[in-house]
Each structure stands twice: as C-alpha cells, then as structure tokens.
C-alpha cells in the first residue's frame, strides 16, 4: 500500500521483482542502479548468500524528485527465487503496490516460470487482493540465449489468462529493463 | 485492513500527532530514536537523532525482519509475535506490532532500561493505533491530492529518469 505523507509531502510506492531462481531479478536492480542518475537513486542493499544468491531481498530506493510539490519515491525489492524460500517471498511481498514478474525465457525453465507465477497469484490473493486487478507486468528475460522460447509460446503459457503488459529483455545488458520499470511504475501511479 | 485500499494518506494534523507520540516516547525513555513503519517498510514518521541518513534502508530491513518473524509464527502455529528485541553491544532495537499493519521501532542504548521501553511503548502503540485508525478512514478521501495532473507529471518524470 502506497504511503502519502501530506506533511512531509512525500509519496512512497513499493515494487517487487518476483520470479524463479536465477531468472535475473537482481540483475534488473543492478542495472537500474548503474544507469539511473546519481541524484535519483539510493544505495543498493543486498541480503545475499556467500555465493551471491539472494537470501532475503535486494532493495533499491529511487527518488523521482519533486512532482507537483510531492517528493515521489519508488522502493524496488527483489525476492529470493529459490523454491526453498517461499515464505520469505511472502514476507517481501507484504504491502507491495506492484509486481514485475521476471520469467526466464529458456525452454528448460518454462516449468519453473509457470510454477512461480502461480505461486505469486496465490500469495497476492492471500493478502486479500484480486490478482487480475493487481498492478503486474511480465518481463521475458534472457532473450539472447540460444534455447529461448518464442514469444508466442511464452505468451501462451504465462500471459494468456492474465493479459498484462509484457516486455522482452536481456537484463544483463540492460535491454528492456527500463521499459519494464516504466510500465510498472506508471501502472502503480495510476492505481494510487 | 481493507486490502483494496491502495494508499494510506497521512494528513499534516495526524503526522504531528504521530510525531508528538514518538517524541514523548523518546523523551520519557531516554531512547535515541523511534520510528513508525508500515508493513511494506515505509517510514511514516521518525523522532530522535535527526542526523540519521539511513532510515529508508533501516525501515526496509526492520519491516523485512518483522515480516519474516510473522512467517515463523505461522509455521509454529503462533498467532503472531507482537514484539521483537534485538540486542547489540552498543545499541538495542525494540519493535512492537500495531494493529497487524504497522510497527513501532525504538532504538536505545545501555542508558535506557528495556522494561521502561516495553511499558512506554505499549502506551505509545495504543495511542498510535487510534491515530492510524483515523488515518485509514481519511485515506478514502485522497482525490484532492492525487489529481490527473499529478499522475501525468509523474509519468513524464518517469519517462525522463528511467532511461538508458
């Protein structure tokens, strides 16, 4: 739930990057952190294991500056993708205003994508929210790998029933990262 | 909490009520710092050392810790853990849940006694609960703040900032 502080003239929104293990959620945040102008970003905070897998979450605050007299901020989070951490994902998802679901385009990962998206739907509904009305965008990541599934197939398996905006990406090179971020942040603002 | 409520709008008057409560808590316990968080990790108000630069990250982490403990409670079939206490060499953190939705955080050092923090935090959370209840009701009338113009300007800013 977004927070609008009238006295401090601030608006805060929370966006969570969700998806199966190693799909590129942290990579998205790292790219955003490297490419957004310094005045608009805070430190990227990562709670990761020694092998750099996300253990709890990554956190990146972004500051749009003053808009109509309101300081507008987005807080970006990632969840840990590994199956083991389902309850941790629930904890991070708490109070989110919007979600980017990062799908791994590799053929071998389709099953994990589907399971993770179903889990997301369950977890959002468990918060009492309507999944189909919840601000959500899909990102088909790793479009550059040789065994990437065709877009039509990903659409069929992941997006045919929810029909949300979706973007192709190669997060490691920054391709599609900002298109995704722009779409989710606008969606979140439209629902404020 | 109405899950369909998308924004919590805290008015100027209620912010100052919240700040008064936090300030009194800090003054009476001798704590260093106190803040009110919502469960998503946003800092609603804070009081104490004004030179703290790290409160955004602290808010995110403390809310994360609490959310995690809520899941632990669920697994243990415990209703919830209302209170968390983190003890350090220099500083301690006392966190208490308010109406399932918010958290009161008190940071204090060895000059302050934990018992006092517990007792006075309980009083503060009762006060904050009733303030936040009013805030929730008022949040339905947010249209005067979030106008169409505002949304358009935010969208323009997003386009300007979020690019390679």
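Values computed for the structure shown
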{"read-out": "Computed Rg/Rh of the range B:20-154, alpha carbon atoms with Kirkwood Rh", "value": "1.02"}
{"read-out": "Space enclosed by the convex hull of the alpha-carbon atoms of the range A:35-192, per residue, Å³", "value": "126 Å³"}
{"read-out": "C-alpha long axis of helix A:25-35 to longest principal axis of chain A, angle in °", "value": "50 degrees"}
{"read-out": "Inter-probe distance in nm under a simple model that places probes 7 Å from Cα toward Cβ, at residue B:86 and residue A:118", "value": "3.6 nm"}
{"read-out": "Of B:29, B:21, B:152, the one that fluctuates the most in a GNM where chain B has Cα springs shorter than 10 Å", "value": "B:152"}
{"read-out": "DSSP-defined beta bridges in the protein assembly as shown - what % are antiparallel, rounded to 5", "value": "60 percent"}
{"read-out": "Degrees between helix A:110-126 axis and first principal axis of chain A (Cα, 0 to 90, nearest 10)", "value": "40 degrees"}
{"read-out": "Rounded if a/c under 1.5, otherwise prolate or oblate - the range B:1-94, Cα gyration tensor axes", "value": "oblate"}
{"read-out": "Candidates A:70, A:178, A:101, ranked by Gaussian network fluctuation over chain A, Cα under 10 Å, top entry", "value": "A:70"}
{"read-out": "Residue among B:147, B:40, B:11 with the largest mean-square fluctuation in a Gaussian network model of chain B, springs linking Cα atoms under 10 Å", "value": "B:147"}
{"read-out": "Volume in Å³ per residue [convex hull over Cα atoms, computed for the range A:132-192]", "value": "68 Å³"}
{"read-out": "Sequence ranges A:140-149, A:53-62, A:125-134, ranked by mean other-Cβ count within 10 angstrom, highest first", "value": "A:53-62, A:140-149, A:125-134"}
{"read-out": "Burial ordering of B:51, B:80, fewest other beta-carbon atoms within 10 Å first", "value": "B:51, B:80"}
{"read-out": "Cα convex hull volume per residue for the range A:81-131 (Å³)", "value": "75 Å³"}
{"read-out": "Geometric extent, Cα atoms of the range A:2-97 - Rg, Dmax (angstrom)", "value": "14.3, 44"}
{"read-out": "Cα centroid separation, the range B:14-93 to the range A:19-89 (Å)", "value": "21 Å"}
{"read-out": "Three-way shape label, the protein assembly as shown, alpha-carbon gyration tensor, a/c 1.5", "value": "prolate"}
{"read-out": "Ratio Rg/Rh [Cα only; Rh per Kirkwood] for the range B:109-164", "value": "1.34"}
{"read-out": "Between 0 and 90°, nearest 10: helix B:114-138 axis offset from chain B longest Cα axis", "value": "20 degrees"}
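Rule-based calculations on the coordinates, nothing more; no lab input. None of these values were measured; they are calculated from a predicted model. Methodologically, a virtual Cβ is constructed for each residue, glycine included, from the backbone with ideal geometry; neighbour enumeration extends over all protein chains shown.
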